[in-house]
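A short worksheet on the structure shown next.
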Amino acid sequence: MLINQVTTKNLNQINFNHHRIINTLNPHSYLMSHSDKSFFEALKSSDVLLPDGIGVVWAKNILYKAKIKKIAGYDLFLHLMNDLNNKKGSCFFLGASDNTLKMITKRASKEFPNVTVHSYSPPYKNNFTNEENVKICSLINKVESDILFVGMTAPKQEKWVYNNNININAKLICSIGAVFDFYSGTVSRPSKFWIKYGLEWLPRFLHEPIRLAKRNLISTPQFILQVLYMKISKKNKS
């Protein structure tokens, strides 16, 4: 079960040298995985699955009495970039537009001057051809980056990593989706006030109500009901 697989460790407790594929889980992606077998397998194969959603934090506590903290993809990104900066490492950004990638590179050069940044904007399509996948993997391997950050939105990014990671030489592969937009500044991340109280979703929903309506008005209530049902079923079996 994916919720059970979510890590109980904080970022500074995870030894990333022993892990390869890092994904995140929120209520919406959890529900999507129920109707998308390949997405479920991609998430299940994660070496580390982070609780990127206050709903997942709540579910972990309700079902397994594990008190954990939310770890957003942005938190993971900053943690790894700081580590790379200290080690004078390198990273590769795969996804988003050329303009977004240029803004990411520009900002990273100021905030993490010791990190060598590479990037590639792949074709904007649901699925890549075999030739395109070979090209993408070749570009990543050519520069021998320590970390590959993939930002092609869920579930595309997780499934792409699942299907292609065997051909990628980067030590660590992280699917971090919206982080590309947040860090580049093309989309504003909610302030620390909203994040502190687990309400990061609210200003984002108010800003993009149509795009996020299904996630917040349908997926979240369904997720809550499913967790409560699993809690009741678990209690009856004990």
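Values quoted throughout were computed directly from the atomic coordinates according to the rules given, and no laboratory measurement underlies them. Remember, predicted model here, so these are calculated numbers, not experimental data. Here the Cβ positions follow ideal geometry from the backbone for every residue, glycine too, while neighbour counts run over all protein chains shown.
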### Task
Give me the angle, in degrees from 0 to 90, between the Cα long axis of helix 73-87 and the longest principal axis of the Cα atoms of the chain, rounded to the nearest 10.
40
### Task
Could you calculate, for the chain, the ratio of the Cα radius of gyration to the Kirkwood radius, expressed as Rg to Rh?
0.96
### Alpha-carbon spread of the range 31-152, three principal axes, descending order, Å
44, 37, 23
### Query
What relative contact order, as a whole-number percentage, does the chain give when Cα pairs under 8 Å and 6 or more residues apart are counted?
21
### Message
Per-residue counts of other Cβ atoms within 10 Å, averaged by peptide: what ranking do you get for 85-92, 114-121, highest first?
### Response
114-121, 85-92
